C-alpha cells in the first residue's frame, strides 16, 4: 500500500522537485511531461525550481531555435513541450479538444464548416503570422454572423498554433503573432504517438496514479484511457484502497525522504495533474489555491506539501517576494524559504538593487 505521503515523495522525485536535476532544460521538459505555459514566464520558474543549473537564456534559446514549442495540448491548456514530440502529442489529444469545442461553442458554430475554418487559418497564418485578434477579423469576413470568439476558438482547436518569438519568451508583453505548428517546424512528418504513449508519459512524470487522475490531466475520456492502458503497467493500492497504475521499476522513494522547500511557478502542472490532489495539498488549501477561476498562483512547498502562495513584487529599485502562508510555518522552514527566495530573486530580478522575502505582508 502507498500512503499519500509516499505518493507525495514519488511525485516530487519524478517532477525533479525532491532533488534538483543536473539534466539540461530540453531533457527536463520531457521528463516532467511538459510545463504549463499559460503565460510566458512560468516555464522559466518551473525549470529554475527543478534544475541545478539554469539561466533565462537557456530556455529562450530553445524557443527561438524551435527546439521547444508552446501549444495547446492537455485540456486545451498551453504547454511547453519538445518540438519533436509536439505533433504526435497534439494528434492524440485532438479528438478531446474537438469535443470540448463543440460543448462550449457548438451552438454558436452551427452551420460553420470547421474544415474550412482550418483551411483559412492555415492560409492566413502560415505566410504571415498574425495576432489572434487579427485572425478573428479575417475569419469574420467569411462568417459575419458568428461571434468572433467562437471563430477564433475553432481556429485554435482545429489547427495547432504557436506564438512566434518574442511572443512566448521571458518578459514578453502585448499580443503575440501566431503561426501554425506545422509551418513553424517546417512541416515535419510527425513521430507517431498513441493514447498508450500518453498514459505512460504521464505515469513516468506523475505516477503512480488512478485512471481518474490520468483523465483529469489529459482531458481524454476515462474509458479510452482504460482501453489503452498498456498491459505492462503494474497495479498498486493507495491509502484509501484506490487502484493505482504505474510503470514497472519506476522511482518510488521512501515516504520519509526529506523534501526541501520549493517555489512552484504559477499554473505548475504538479498542482493540477491529479483528480485526487491529497498527495500534494490539503482540501482547505486547494480551495484557497483555486479560489479564482482561471488563476493558479505560485505556491510554496514545505515538507513536500503546499503551505502558502508567493508573488514577486517590484518597487523602484527593489524586488521582493511576498509569501502568504496558509498556516504558521516553523521557524526553520521560514529560514529555508527565505534563502531559497533570495536565490529566486537573484535569478528573476538580477537588476534590482535590493532583494527581500516577506511573510504575511500586505504591501
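The values are calculated or read from the model by the stated rules, or taken from the named source; none is laboratory data. Note that the structure is a prediction, hence the values are computed from the model and not measured. When we count neighbours, we look across all protein chains shown, and the Cβ atoms used for this are built from the backbone with ideal geometry, even at glycine.
A few comments on the model shown:
- Residue count, the range 148-175 (criterion: more than 16 Å from residue 121 (Cα to Cα) and touching a residue at least 40 places away in the same chain (Cβ under 8 Å)): 8
- Residue match in the range 202-219 (condition: assigned by TED's automatic domain parsing to the domain that holds residue 99, touching a strand residue (DSSP E or B) at 6+ places or on another chain (Cβ under 7 Å) and under 25 Å from residue 15 (Cα atoms)): no
- Flag if residue 231 is outside the structural domain of residue 98 (by TED's automatic domain parsing), without any contact (Cβ under 8 Å) to a residue 12 or more places away in the chain and either in contact with a strand residue (DSSP E or B) (Cβ under 9 Å, 6 or more places away or on another chain) or part of a strand (DSSP E or B) (or both): no
- Taken together, the residues in the range 248-291 that are surrounded by 19 or more Cβ atoms within 10 Å (Cβ to Cβ) and closer than 22 Å to residue 222 by Cβ amount to 8.
- Test: residue in the range 17-29 that is within 30 Å of residue 223 (Cβ to Cβ), assigned to a helix (DSSP H, G or I) and in contact with a helix residue (DSSP H, G or I) (Cβ under 9 Å, 6 or more places away or on another chain): yes
- With respect to the conditions (1) under 26 Å from residue 310 (Cα atoms); (2) in a helix (DSSP H, G or I), residue 92 falls short on a single one, namely (1).
- Those residues of the range 252-281 which are over 13 Å from residue 300 (Cα atoms) and touching a strand residue (DSSP E or B) at 6+ places or on another chain (Cβ under 7 Å), in sequence order: 269, 274
- Set 241, 249, 174, 168: member being in a loop (DSSP other than H, G, I, E, B), farther than 23 Å from residue 96 by Cα, touching a strand residue (DSSP E or B) at 6+ places or on another chain (Cβ under 6 Å) and not assigned by TED's automatic domain parsing to the domain that holds residue 302: 168
- Residue 220 surrounded by 14 or more Cβ atoms within 10 Å (Cβ to Cβ) and assigned to a loop (DSSP other than H, G, I, E, B): yes
- Residues in the range 308-346 that are in a strand (DSSP E or B) and out of contact with any strand residue (DSSP E or B) (no Cβ under 7 Å at 6 or more places or on another chain) were compared, and the one that is nearest to residue 265 (Cα to Cα) is 314.
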